[in-house]
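A.B. asks: Please find one structure pasted underneath; my questions will follow.
The values are calculated or read from the model by the stated rules, or taken from the named source; none is laboratory data. For clarity, every value in this text was computed on a predicted model and none was experimentally measured. Heads up: the accessible areas ignore ligands, DNA and RNA and are worked out on the full protein's heavy atoms, side chains in. Shrake-Rupley method; radii C 1.70, N 1.55, O 1.52, S 1.80 Å.
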Amino acid sequence: QVQLVESGGGLVQPGGSLRLSCAASGFIFSGYVMGWYRQAPGKQRELVADISSSGTTNYDASVKGRFTISRGNAKNTMYLQMNNLKPEDTAVYYCNFRPPWAGTWGKGTLVTVSA
């Protein structure tokens, strides 16, 4: 079955960087638009960035210029390089299809940006 596993989160100081990974299995990864989402405490889950099967990307205005989404279709993996992190980036980050499939949310990976 479809499985999405996020990793790479952690505690980082403001201005720091992290690289998140999403390992996909159970479907033909290269055929789908995928996205990174995040949910901050007390807020709704939101789309951060998405990437088409051919590599076309879109970003939320809040992360544009700081985050880079990419994918390795041969490795069934998607990435999110996050630079110049801000405290407001603190959230649990998830990967999913774009638009998301309700039954495929993973556990996510926690990113905490704090001094």
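A.B. asks: Counting heavy atoms of the protein chains only and a 1.4 Å probe, report the per residue accessible area for region 1-83 as a whole number of Å².
C.D. replies: Here the per-residue accessible area is 53 Å².
A.B. asks: With all protein chains present, how much of the accessible area of the chain (probe radius 1.4 Å) comes from carbon and sulfur, to the nearest whole percent?
C.D. replies: 49
A.B. asks: Just the ratio, please: alpha-carbon radius of gyration of region 6-71 over 2.2 N^0.38 Å, N its number of residues.
C.D. replies: Output field value: 1.20.
A.B. asks: Relative contact order (percent) for the chain, with alpha-carbon contacts under 8 angstrom and 6 or more residues of separation?
C.D. replies: 37
A.B. asks: With no solvent and one equal point scatterer per Cα, compute the Debye intensity ratio I(q)/I(0) for the chain at 0.22, 0.23 Å⁻¹ and report its log10, rounded to two decimals.
C.D. replies: -1.25, -1.36
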